[in-house]
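Written below as structure tokens is the structure these notes are about.
The values are calculated or read from the model by the stated rules, or taken from the named source; none is laboratory data. The structure presented is a predicted model; accordingly, all values stated were derived computationally and were not measured. Neighbour counts are summed over all protein chains in view; Cβ atoms, including those assigned to glycine, are modelled from backbone coordinates with ideal geometry.
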Amino acid sequence: MPEQLVIEELHVRSTAPARIAPGAGRPASGEPAVYRPILSGVGLSVSPGEFVALVGGSGSGKTMTAMSALRLLPPQVTIDSGSVRLGPLDLTNASEAELNTVRGGKLGMLFQQPKRMFNPNKTIGSHLHEPLKLHGGLRGKQAHAKAVELLAEVGFEDAHWGVRAYPHQLSGGMAQRAMTALALAGQPDMLLADEPTSALDKVLERQILQLLDRERSERGLGILYITHNLASVAAFADRVLVMDSGRIVESGPAQEVLSRPRTAYTQQLLDASNLLPAPRRVPLSEARSVLTLNAVVKQFASGKSRCRPALDNVSLDVKQGEILGVLGQSGSGKSTLARSIVGLEDVSGGSINRKLDTAGKHGAAPTAVQLVFQEPHDSFDPRMTLRASLEAPLLQRKDLTAAGRSQRIHDAMEEVGLDAALLGRRPCQCSGGQLQRVTIARALLMEPEVLICDEGTSALDALTQRTILNLLLCLHRDRGLSLIMITHDMDVIRHMCDRVAVLFKGRLVEVAETHEFFSDPQHEHSKALVSAAIPCRGLHLKKITLGQSAASV
Amino acid sequence: MRNTSTVDRVAVVILALVVLAVAAAPWVVPYPPDEQNLVARLAPPTTGHWLGTDHLGRDTLSRLLDGGRFSMLMAALATLLTGLLGTAIGVISARRRGWLDEFFTRTNDVLLALPEMVVALFIVAAMGTGFAPLLVALTVTGWTPFARLARTLAYDVSARGFVEAARVVGCPPSFIIFRHILPHLAAPMLGQATLRFGQLLISVGALSYLGLGVQPPQSDWGSMLAAAQPYADRAPLGIIGPGLAIFTVALCVTLIGQRAARMAAGPLLLPTGGRG
């Protein structure tokens, strides 16, 4: 008997000092409050067969809501009051034994980073056996058969191989499918999906969501889908709950909330995810090229000849002041391309020509091409203050005095719109958006001609992503900076780029002007990418996507 | 759970007292450490001799304090040398990779396969006894755990985003090693060093016990143990004294070192984990 998940008046607070909390830079948590509220009076319910979306910026308490429902909160976070009920069972004061029958049983959970959630030493099959044994009482051959069945159900082409596979053998999308199978293995009535697709590209995102949607319609699975991506919400969710600083600020049917938002916050979220196509710019044919790639080949693991090259004969030409988008699925060689261009990887063949305007440069370090990394928290040494991190590259320049360096750092910080007071902090005291700005500031210190953003905004929520994109556009306009946006986000491409290059299995399969690319993609893979992009407010798409899913599975 | 901070404080106080007493030994010992008094051989504790006397009538307390100088200095020097050598080899292995890494790693494996004491004995036998040969023996056998740890950690840190970011903005390798890699290695290496200090203190004692360390008339805790062993039934304090000294110092250093390593790692510096 499927049961309803009801959360009522849930108050959750942190007993840890706010000082070390992530995102301490935000004014809300700036003062050293000892008992920082995380959730204040959250109430929601998910009925069987309902697809409910919980949206909000990062730090709004979405994940904490899901974690409280499973009672998997970190030790310094406690539930103050309120109740979480699954059918008749009150989870807030259930015993650990009761909880263990619920977790992964009636209440499934789908996490954000599938690859991290698997034990690399165990096969997917043995991962699946665990919930099958605990919640289904299946063992041995029966369990094996059920595991194969589950994997086939979530879309593994060769389920028998999948059962024997180890996590590292799966691609990101496959791992998330396996994770979904794992969540479904306990025959849950209710599934908590915490940003299950944020790390995946659009094609995979749609496939995973379709899979969940099918489970919903076939088995009456209730889904609480946590995300900051409103586009997917519009296409799949029945109801939407908008969260901001630990409160539900708006709720209602998806169509209503997305078309007539009542609060400013929802409007902001909507605006941020509604990236309009860029206006046409002047043709760039006469601009000089700043970066030329000539038949670049990159081959890893030279010993094995059957291994296909990560980059296969890639030729590309980037003009000054151009914004080039590089599209491709996970594993298509996008990051290898970026790393090769900035010189982090040696290429196995071909040449990369970074046209330096050497007359204007002091010093000779090959820094005309700069890279903004995906994970802002990882691109700074946690031990160093931001000032030290920014000063490091300038120390190589003999012509600068200490005052000169300081001046440049302050200028760069101002250019990316940050307060210089931030320089004294360490990375863990800053939010992801702030750090990504500092990364850009560090790149600007090198006076680059080309800035490559390797999924520079994918790890950020929609609001922050928008501000970073605007910053990049400003720099592009004011400095004439050429940008290479490496991403799997079609909206970003459409919003920002003049030209699009599509990478598929290490080959450059298509290079086209953005509007041509979206209106008339040439290559098969490009067509798949374009059709998979879930446009915002694409309510009408739901029927179409459902129809396709029925056809494709 | 034990109250770690109290235990650590006690360890600091004890170690400070021992170091102070040992360092000030020439001025505070009640008797010259090698003054023999054959009339009062193997005496039990008295007001004149707090810990009694040994088989030649020498005051045990004086010898304990005097011998500690050698034991602790040797162990500290050996820890420092092995730590520096091991860290250097580990970081070079991780940065240069290729055949150099292979060479150091295989050497490490070979040394690991041989019992440390046997190699040390071989070196001392070849070079003769004395302060320098003993130090060489301990250094040659003792660098491997440091190198292993440093190599793994340096590999790890080198793959982190901030090292790549530093490379992209044109920081030279020396900057990456000294400002990024070594600071990240500091806390674990410190922890390793304190563990090794205890082991080296025992190794020094063991070599001296075997007669290959310090030579008479100079004494250390190991040679005192060796000298007192035949008379253990009549003057047990002769064994308990140096044995307890080695044990206490090793324990205190390990406790303090672990605490220091935890503090160096610091909660502020750990990554903040997931988002959302």
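Of note:
- B:Ala150 vs. criteria away from chain A (no Cβ under 14 Å), within 30 Å of A:Glu345 (Cβ to Cβ) and touching a Gly at 6+ places or on another chain (Cβ under 7 Å): yes
- Within segment A:480-510, considering residues that are among the basic types (Lys, Arg) and touching a helix residue (DSSP H, G or I) at 6+ places or on another chain (Cβ under 8 Å), the one farthest from A:Gln434 (Cα to Cα): A:Arg499
- A:Glu149 vs. criteria assigned to a helix (DSSP H, G or I) and either within 14 Å of chain B (Cβ to nearest Cβ) or farther than 22 Å from A:Ser458 by Cα (or both): yes
- Failed item, numbered, when B:Phe70 is tested on (1) surrounded by fewer than 22 Cβ atoms within 10 Å (Cβ to Cβ); (2) of a type in the set (Phe, Trp, Tyr); (3) part of a helix (DSSP H, G or I): (1)
- Of the strands (runs of 3 or more DSSP E) entirely within segment A:200-267, none holds at least 2 residues that are surrounded by fewer than 20 Cβ atoms within 10 Å (Cβ to Cβ) and within 14 Å of chain B (Cβ to nearest Cβ).
- Of the helices (runs of 4 or more DSSP H) lying entirely inside segment A:458-537, those containing at least 1 residues that are within 14 Å of chain B (Cβ to nearest Cβ) and under 30 Å from A:Lys62 (Cβ atoms) span A:462-479.
- Answer from B:Val157, B:Val136 - the residue that is in a helix (DSSP H, G or I), aliphatic (A, V, I, L, M) and within 30 Å of A:Pro376 (Cβ to Cβ): B:Val157
- The set of residues in segment A:107-142 being over 25 Å from A:Leu209 (Cα atoms) and in contact with a strand residue (DSSP E or B) (Cβ under 9 Å, 6 or more places away or on another chain) is empty.
- Listed conditions (1) under 30 Å from A:Gln434 (Cβ atoms); (2) surrounded by fewer than 18 Cβ atoms within 10 Å (Cβ to Cβ) are all met by A:Thr101, apart from (1).
- The residue list B:Gln229, B:Gln192, B:Gln218 contains one member that is free of Cβ contacts under 8 Å to residues at least 24 places away in the same chain and in contact with a helix residue (DSSP H, G or I) (Cβ under 8 Å, 6 or more places away or on another chain), which is B:Gln229.
- Odd one out for A:Gly220 among (1) more than 26 Å from A:Ser126 (Cα to Cα); (2) at pLDDT below 85: (2)
- Residue in segment A:180-192 that is crowded, with 24+ Cβ neighbours inside 10 Å, within 14 Å of chain B (Cβ to nearest Cβ), within 20 Å of the chain's Cα centre (by Cα) and touching a residue at least 60 places away in the same chain (Cβ under 8 Å) present: yes
- Residue pairs whose Cβ atoms lie under 9 Å apart, separated by 6 or more positions or on different chains, with the first residue in segment B:28-45 and free of Cβ contacts under 8 Å to residues at least 60 places away in the same chain and the second assigned to a helix (DSSP H, G or I) and of a type in the set (A, V, I, L, M), are B:Val28/B:Ala21; B:Val28/B:Leu65; B:Val29/B:Leu61; B:Val29/B:Leu65; B:Pro30/B:Leu61; B:Tyr31/B:Leu61.
- Residues located in segment A:380-393, provided they are more than 8 Å from chain B (Cβ to nearest Cβ) and either over 32 Å from the mean Cα position of the chain (by Cα) or not aliphatic (A, V, I, L, M) (or both): A:Thr385, A:Arg387, A:Glu391
- Leading residue by the ranking (farthest from B:Pro217 (Cα to Cα)) among those in segment B:122-142 that are among the aliphatic types (A, V, I, L, M) and within 18 Å of the chain's Cα centre (by Cα): B:Val140
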